[in-house]
Amino acid sequence: MKVLQSLKYLAVGLILFLVPITPVNADSKLENWIQLNQTVSLSDSLSFFTEIQPRISFSEGELATFVARLAPIYHINSQNSVGAGFLWQPSFSPSASNETRIFLQYIFNHNVGTKSNFIHRFRAEYRAINTTLDKAYRLRYQLRTLHSWFDNSNFKALLANEFFFNLNTTAVTGPASGFDQNRLYVGFNYQWAKNLNSDVAYLFNYVHKPRSVSDRQNHVLFYSLSASF
């Protein structure tokens, strides 16, 4: 039991460790991100994943970014899966841009005790951004944990963080190598039915902008609805 508790504390400590210290000269934005996920089972080991995510800026009062992602997923077993997919992401605020990505991902999930579930997601991205002719490469790692702290077993506490790291430096209008951003989620997950669940969370998104006068921090009301068939 002590080993299980130590693992939980270690995971929570790792999540919080990934949060960088926010500098004084960071611009702040208030946004709402709505994520709709759908997973369709094609066989016992193969499924198809789609994601649609509009991001609305309360600060500007308009749609800031739109994300559309799709990927076939191969399930190695109940704990491990791999996938490859495509993303389209047009942005409208604070400036207009258009990005497409090809990505690879690996997901490992496991339980610690009877109440805590941990999901590790690794992504490698090949990015084509219209503001630069250079191609950009990025790595991402997300650690997500759900914990049953409540009498209702369908209601779970949520804590997660995702860390982004650029692998190369592009022209001055594109990404620079090194730390890119992180996303810290604090909230809860509710299981509506066997194949339907939601996240509701506060998301703190810190974006490092080495080629700009100031970095950016987004304070986000995050909501997701995930369905599988």
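Nothing in this text is a laboratory measurement; each read-out follows from the coordinates by a stated rule. Keep in mind the model is a prediction, meaning the values are calculated, not measured. FYI the Cβ positions are ideal-geometry reconstructions off the backbone, even for glycines, and counts take in every protein chain you see.
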*Of the lysine pairs in the chain, how many meet both conditions: Cα atoms under 27 Å apart, and a spacing of 8 or more in sequence or different chains?*
10
*asked:* Could you compute the net charge surrounding Pro54? Neighbours are other residues with a C-beta less than 12 Å from the C-beta of Pro54; K and R count +1, D and E count -1.
replied: -2
*Once you list every other residue whose beta carbon is under 12 Å from the beta carbon of Ala136, what net charge do they have if Lys and Arg are +1 and Asp and Glu are -1?*
0
*Theoretical FRET efficiency, 1/(1+(r/R0)^6), r = Cβ-Cβ of Leu139 and Val200, R0 45 Å, to 0.05*: 0.95
_Virtual spin-label span in nm between Phe179 and Ser97, 7 Å along Cα→Cβ_ = 1.9
*In nm, what is the difference between 0.36 nm times the number of residues separating Asp151 and Asn111 and their Cα-Cα distance?*
12.5 nm
_Taking the 0 to 90 degree range and rounding to the nearest ten, how far is the long axis of helix 2-17 tilted relative to the main principal axis of the chain, both from C-alpha atoms?_
10
*For Thr169, which sequence-distant residues (separation of 5 or more, or a different chain) have an amide H within less than 5 Å of its own amide H, given hydrogens modelled in the peptide plane?*
Ser177
_Potential extension, Ala227-Asn77 segment - 0.36 nm per residue separation minus Cα distance_ = 52.0 nm
*Residues Val200, Val112, sorted so that the one with the fewest Cβ neighbours within 10 Å comes first*: Val200, Val112
*By the scheme Lys and Arg +1, Asp and Glu -1, what is the net charge of all other residues having a beta-carbon under 10 Å from that of Ala176?*
+1
*Where labels lie 7 Å past Cα in the beta-carbon direction, separation of Phe86 and Gln191 in nm*: 3.5
